[in-house]
Amino acid sequence: MASQEANKIAGAILMSGLIAMASGFIARSLVVPVELKQLAYAVEKPDAPAAGQVAAAPVAVPPISPLLAKADLAVGEASAKKCAACHTFDKGGPNRVGPNLYDVVGRKPGQVAGFAYSKPLMAVAEEWNYEHLNKYLNNPKATIPGNKMAFAGIPKPDERAALIAWLRSKSDSPKPLP
Ligand code: HEC
């Protein structure tokens, strides 16, 4: 009886299909997926955390104060060209991608009228004193996570000192050196 054989074979195929399906359902109902709230292991994130996250650990940068007195203003002025795409430095200069930086030394962050600062920058209470500028200009992203200054930073302490000394000179009455 060939047709009976064929029926048996077809039945067997159908049955095994059903068993496979059923075991899939059962397996899924037995294994409850657990959504991880945090990654099981930490992944280093080079980018700034999303707004609202707590600031990363402070970056250790050697103090700039000892270098300011002998800083070369001409070197600072040349270095400031790296900022000029986004900032103006003269009194009453316009805001560009970044705010005008005339008289920034000693100023509280986020004070230039008409410039839309980021929330993380507005939340910074410490004024732009020499060491604060030193840290920020060394690594803007790490110093104020989530701020919107898209600039990698100036890693060389001598150049940073020269730039900060030059920024200090851009003022009606430059703040005293430390
Ligand atoms: C690609 C554009 C860009 C470059 C280049 C850049 N900045 Fe900025 N800067 C910004 C922006 C945008 C902000 C505002 C950040 C915010 O609101 O989070 C800012 C903010 C600042 C502030 C804070 C000002 C305030 O009123 O609180 C300082 C200081 C500063 N920049 C200094 C510099 C210096 C010095 C350089 C050059 C070494 C530089 N920036 C290069 C875009 C730039």
Exception for His132 within (1) out of contact with any Ser or Thr (no Cβ under 6 Å at 6 or more places or on another chain); (2) touching a residue at least 40 places away in the same chain (Cβ under 8 Å) falls at (2)
Counting just the residues of the range 102-137 that are outside any loop (DSSP other than H, G, I, E, B) and buried (at least 20 other Cβ atoms within 10 Å of the Cβ), which one comes out farthest from the chain's Cα centre (by Cα)? Tyr130
Kindly evaluate Leu167 against the criterion of being within 9 Å of the ligand (Cβ to nearest atom), touching a residue at least 40 places away in the same chain (Cβ under 8 Å) and within 27 Å of Ala69 (Cβ to Cβ). yes
For the list (1) more than 24 Å from Gly93 (Cα to Cα); (2) surrounded by fewer than 20 Cβ atoms within 10 Å (Cβ to Cβ), I need the number of the one condition that Thr143 fails. (2)
Being near the ligand (Cβ under 8 Å from one of its atoms), closer than 12 Å to Arg168 by Cα, part of a loop (DSSP other than H, G, I, E, B) and in contact with a helix residue (DSSP H, G or I) (Cβ under 8 Å, 6 or more places away or on another chain), is that true of even one residue in the range 79-94? no
What pairs come out if I take residues in the range 74-101 that are open to solvent by less than 20 Å² (accessible area, probe 1.4 Å) and pair them with residues that are within 12 Å of the ligand (Cβ to nearest atom) and among the acidic types (Asp, Glu) whose C-beta lies under 9 Å away, six or more apart or interchain? Gly76/Glu159; Ser79/Glu159
Checking Ala161 against (1) in contact with a Cys (Cβ under 9 Å, 6 or more places away or on another chain); (2) crowded, with 18+ Cβ neighbours inside 10 Å, which single condition isn't satisfied? (1)
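The values are calculated or read from the model by the stated rules, or taken from the named source; none is laboratory data. Nothing here was measured: the structure is a model prediction, and the numbers come from that model. Cβ atoms come from the backbone with ideal geometry, glycine included; neighbour counts cover every protein chain shown. Protein only, heavy atoms only, side chains kept; ligands, DNA and RNA dropped before computing areas. Shrake-Rupley method; radii C 1.70, N 1.55, O 1.52, S 1.80 Å.
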